[in-house]
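> First the structure, which I've put down as structure tokens, then a few questions once you've had a look.
The values are calculated or read from the model by the stated rules, or taken from the named source; none is laboratory data. A quick note: this is a predicted structure, and the numbers were derived from the prediction, not measured. Ideal geometry is used to build each Cβ from the backbone, glycine not excepted, and the neighbour counts take in all protein chains shown. For the accessible areas, the whole protein counts, side chains as well, though only heavy atoms, and no ligand, DNA or RNA atoms are used. Shrake-Rupley method; radii C 1.70, N 1.55, O 1.52, S 1.80 Å.
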There are 2 protein chains.
Amino acid sequence: MSDKKISTAVIKRLPRYYRYLGELLENDIVRISSNELSQRMGVTASQIRQDLNNFGGFGQQGYGYNVNHLYKEIAKILGLENHYSVIIIGSGNLGQALANYTDFEKRGFVVKGLFDVNPRLVGISVRGMDVQDMDQLKDFVVENNIDIAILTVPKTKAPAIANDLCEWGIRGIWNFAPVDLQISNFDVVVENVHLSESLMTLSYRIKDSY
Amino acid sequence: MSDKKISTAVIKRLPRYYRYLGELLENDIVRISSNELSQRMGVTASQIRQDLNNFGGFGQQGYGYNVNHLYKEIAKILGLENHYSVIIIGSGNLGQALANYTDFEKRGFVVKGLFDVNPRLVGISVRGMDVQDMDQLKDFVVENNIDIAILTVPKTKAPAIANDLCEWGIRGIWNFAPVDLQISNFDVVVENVHLSESLMTLSYRIKDSY
DNA sequence: TAGATTGTTAATCGATTAACAATC
DNA sequence: TAGATTGTTAATCGATTAACAATC
């Protein structure tokens, strides 16, 4: 646990810095100043320096930041040098789509299993794995030390499953169900992807731009 | 275009209010005070009242808010009484998953067509629609007055497609590609869903909770 | 009417930006 | 060394919370 509290605003900007640095790296750019990065990203240089200095002094006066070094440091901050064992609960369209998203594996998130209640889905092969029945879930989570569960189940099912997962020692839940999971275990982290809400925000802004 | 500027923080909270009100409605709850809603949602009553009063006085002193009325008002604010014609560009796993997500249609977002460059996908049927080749895109967008494009294509392809869409009169882009689209047309709204970034945020918080 | 609760103003808090001394 | 650019403090801005008069 880090000592000083980092605001979520800062944390949510880190992956974007990481993405831009990755692109710079692909273009063989060795160093970058906060000022140049700020122009590319459309944020202030001040904000970049403030954000980074929450975690350490990664730059050098008169020079800027070494792209490769900063890229790796942000990976460390984000925990991307770790290896996470992931399961997908709910193997419908979205679950399968996420299972097939190879980018996640590159970042250390390895899908170890898929689950569903639907007998039509149980047994089908997704990315080389057979979808398992939900009654296999507990044993699988415990035996394989699963770190992260991706929840792509209906909103009615999600809360009970989430509670079970917490008891079975999961570390994080990536929740795609349109509910706010009430997790009493402080060691379990929930990150929500509420697609409907994102779409409504788009709708608001379209409407507003008339 | 509304007169006073509403902050994005407020806008992003509206769909969550909408979701909670929908649940209250399902449970036949007729009225609710900002105080009770605040406890259910885990926000302050002050914030709820402030947020809502950006758009009008929907409550009544001594009574609170009529759930049904407020629900409908928020739908109006979010533009959910409108009917949007939607296309999906990129008909891989994620595109198909989104096409099959019936909840969107309930909210007025009607998928009118799917597109892909991949000859293996062109012609397959997704939710009763044949995936079309990308060379059909322009005519389809123009002839069908498409409002919203869902972009589930690789990041290398997204910017050029987005530019074309703007020229062809699209109103909004729901972008799932991990790039920041640079749109010069101020009438076109972009909403990003950066799944990798969401997952990295989860990773950060898992790491941090050790 | 009395009680409850909103709408709204004022106070506080936190996040962003600006400025500049430190230093490479 | 001189120039550039960071790290960091101080100033500003905006968002959240508290308080309360208005009013149903």
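> Arrange the peptides B:80-90, B:161-171 so that the one whose residues have, on average, the most other Cβ atoms within 10 Å appears first.
So the peptides B:80-90, B:161-171, ranked by packing, come out B:80-90, B:161-171.
> Given Cβ point charges of +1 (Lys, Arg) and -1 (Asp, Glu) and nothing else, what value in debye, to the nearest 20, does the dipole of the protein assembly as shown about its Cα centre take?
About 960 debye.
> Right, something else. Hey, what do the phi angles of the stretch B:172-184 turn into as Karplus ³J(HN,Hα) couplings, whole Hz, using 6.51/-1.76/1.60 and θ = phi - 60°, x for Gly and Pro?
Values per residue, Gly and Pro as x: x, 10, 9, 9, 9, 7, x, 9, 8, 6, 9, 10, 7 Hz.
> At A:Gly128, label 7 Å along Cα→Cβ: distances to the other copies, nm, ascending?
Inter-copy label distances (nm, one decimal, shortest first): 3.9.
> To the nearest 0.05, how large is the calculated FRET efficiency for B:Phe140 and A:Gln61 if R₀ is 56 Å and r is the Cβ-Cβ distance?
About 0.55, to the nearest 0.05.
> Rounded to whole Å, how close does chain B get to the rotation axis onto A by Cβ? Give me the residue too, please?
B:Ala97, 2
> Have a look at the DSSP beta bridges in chain A and tell me what percent are antiparallel, nearest 5.
25 percent
> Hey, another quick one. Would you work out which of A:Tyr17, B:Leu199, B:Gly95 lies farthest towards the positive end of the dipole of the protein assembly as shown? Charges go on Cβ: Lys and Arg +1, Asp and Glu -1.
Highest projection toward the positive end goes to A:Tyr17.
> Now for a separate question. From the label point of B:Gln60, set 7 Å along Cα to the beta carbon, how far off in nm is each other copy's matching point, shortest first?
For B:Gln60, the inter-copy label distances come out at 7.0 nm.
> Between the alpha-carbon centers of the stretch A:89-108 and the stretch A:59-74, tell me the distance in whole angstrom.
Comparing the Cα centres of the stretch A:89-108 and the stretch A:59-74, I get a distance of 32 Å.
> Could you state the principal axis extents of the C-alpha atoms in the stretch B:8-78, from the largest down, to the nearest angstrom?
31, 22, 22
> Suppose every K and R has +1 on its Cβ and every D and E has -1 on its Cβ; what is the size of the dipole of the stretch A:149-210 about the Cα centre, in Debye to the nearest 20?
240 debye
> Counting heavy atoms of the protein chains only and a 1.4 Å probe, report the per residue accessible area for chain A as a whole number of Å².
So chain A comes to 48 Å² accessible per residue, rounded to a whole number.
> Label-point separation (nm) for B:Asn100 and B:Arg31, each offset 7 Å from Cα along Cα-to-Cβ?
Between B:Asn100 and B:Arg31, the label points sit 4.6 nm apart.
> Oh, and also: Sort shortest first the distances from A:Asn100 to its counterpart in every other copy, using label points 7 Å along the Cα-to-beta-carbon line, and give them in nm.
1.0
> Extension gain B:Val110-B:Met129, at 0.36 nm per residue separation less the Cα-Cα distance, in nm?
Value of the extension gain: 5.6 nm.
> What figure, in Å² to the nearest 10, do you get for the accessible area of A:Ser184 with a 1.4 Å probe and non-protein molecules left out?
Per-residue accessible area (A:Ser184): approximately 100 Å².
> Which ³J(HN,Hα) values in Hz, rounded to whole numbers, follow from the phi angles of the stretch B:42-55 under the Karplus curve 6.51 cos²θ - 1.76 cosθ + 1.60, where θ = phi - 60° and Gly and Pro get x?
Once θ is set to phi - 60°, the couplings for the stretch B:42-55 become x, 10, 7, 4, 4, 5, 4, 5, 4, 4, 5, 6, 5, 10 Hz.
> In debye to the nearest 20, how big a dipole does the stretch A:8-78 give about its Cα centre with +1 on each Lys and Arg Cβ and -1 on each Asp and Glu Cβ?
220 debye
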